[in-house]
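Please read the structure below before turning to the comments.
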Amino acid sequence: MPVEMRMWRIDGDEPKPLSTSVLPAEKDLHEFLKRDPSLLGDRLLVIGSEVITPYGPRLDLLAIDAEGNLNLLELKRDKTPREVVAQVLDYGSWASTLSRDDIIDIATKHLDQAFEAAFEDVFGTAPPDELNGDLSLTIVAAELDASSERIVNYLRDFGVPVNAVFFSYLEDDGRRYLARSWLTASEDETPTAATGKKKSKRAAWNGKDWYISFSGGERVWDDARQLGFVSGGGGKMWSQDMRALPTGARIWVNVPPMRYVAVGRVLAPATRFEVAEVRVDDDWTPLAAQNLEGVYSSDPTRDDDFAEWVVPVEWIDARPLEAGFWEKGMFASQHSACKLRQEFTLGRLADHFNIDDGE
């Protein structure tokens, strides 16, 4: 049966029904969602409105969620149930093939700031490396008929990630309300779309750039800056991160909270603090013998996973904390070391530190 939304106001013992009205125009619903897609219940960033597709028609709204998954919103307008369902499926077949670069290109055309900055504005973090891993298709309607409901439910039974949401426009003593109802509750399990794999949906890695988070414990950045090293450990994830750094890798160092302070090149593989050496005046010397401000774990009985691991570095440019650089949308991670894929961050860092691609 068709989905219907009714609301009552309770005055004393008598429920008074709110009168259902018609939206002044369905384009108003489009504008409501464009300005505030959280009307759908989840935080979303609208990265395109009236998005041009290769097939002629324009997708009403293209949005992205905090995990980097695309959400396609298509208004029913005056289309028949078969027309609107066919339309949203057609858009889905196109969107499933979009690569990370394709998505950023679309966002660049529609947003008034960089995609990465807009993403951080909404979600409070930089975009994930992989975009468009999953896909959601949503039909938006002012009312939902039995035929649309039947078709959507049938498709969902076969794993198509499609849903329908409708909005009722209600009035009460001069006040206006917008009520929302989903055809299928969002917590219902629905298999996600099998997205195309011809184009990469994960940021490509250039094979040389790594992100370093120099933080935790009693590590002191001035030690690392002056003596030429980075370090991490105290747990399996962080120790393994440092040990994964290859000789010759270019590293970009972030000292939380959110300030990039250095770029350098790895001179040798990671070693435990007790035996680590750094290069001082062109000679290798034990790090533990240096006058250090920080405190670094040097217990030889500690398991490798919990030891402090040190990587010697030749700094290309290393600056004090007060000269740290950060721009909204840049990459940050809890890992002590990981591959740095995000082009937005690499571009901003290269400009800031005056690094060309040959260094």
Neighbours of Phe331 by Cβ distance under 12 Å: Lys/Arg at +1, Asp/Glu at -1, summed charge -2
Over every pair of different alpha-carbon atoms in region 245-359, take the mean of 1/r and invert it; report that Kirkwood radius in Å.
15.6 Å
Taking the Cα centroid of region 229-279 and of region 326-351, what is the distance between the two, rounded to the nearest whole Å?
16 Å
List the relative contact order of the chain as a percent without decimals, with contacts defined as Cα pairs under 8 Å and 6+ residues apart.
16 percent
Given Lys34/Lys109; Lys76/Lys201; Lys201/Lys339; Lys109/Lys208; Lys236/Lys339; Lys79/Lys201, the pairs whose alpha carbons are separated by over 25 Å:
Lys76/Lys201; Lys109/Lys208; Lys79/Lys201
Where is the GNM fluctuation largest for the chain (alpha-carbon springs, 10 angstrom cutoff): Ala224, Ala179, Ala141?
Ala179
Neighbour-limited loop hits for chymotrypsin sites (Phe, Trp or Tyr not before Pro), region 21-128 (at most 16 other Cβ within 10 Å; DSSP other than H, G, I, E, B)
Tyr55
For the chain, what does the accessible surface come to per residue with a 1.4 Å probe? Please give it in Å².
50 Å²
Test of the criteria: in region 315-359, which chymotrypsin sites (Phe, Trp or Tyr not before Pro) are in a DSSP loop and have at most 16 other Cβ atoms within 10 angstrom of their Cβ?
Trp326
Nearest-ten-degree value, helix 146-157 long axis tilted from longest Cα axis of the chain
30 degrees
Given N residues in region 36-154, what is its alpha carbon radius of gyration divided by 2.2 N^0.38 Å?
1.07
Looking at the chain, what % of the alpha carbon pairs are farther apart than 39 Å?
36 percent
Carbon and sulfur together cover what percent of the accessible area of the chain at a 1.4 Å probe radius?
48 percent
Determine the relative contact order of region 63-156: mean sequence separation of Cα pairs under 8 Å and six or more apart, normalised by residue count, in whole percent.
46 percent
How charged is the neighbourhood of Val122? Take every other residue with its Cβ under 15 Å from the Cβ of Val122, and add Lys/Arg as +1 and Asp/Glu as -1.
-4
Against the longest principal axis of the chain, how steep is helix 26-35, in degrees 0 to 90 to the nearest 10, with axes from Cα atoms?
20 degrees
Counting only helical runs of four or more DSSP H residues, what would the 222 nm mean residue ellipticity of the chain come to if each run contributes -39,500 (n - 2.57) and the total is spread over all its residues?
-7000 deg cm²/dmol
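The values are calculated or read from the model by the stated rules, or taken from the named source; none is laboratory data. Everything numeric here is computed off the predicted structure, so don't read it as measured data. Virtual Cβ from ideal backbone geometry, glycine too; neighbours counted across all protein chains shown. These area figures cover heavy atoms from the full protein model, side chains too; ligands, DNA and RNA do not enter into them. Shrake-Rupley method; radii C 1.70, N 1.55, O 1.52, S 1.80 Å.
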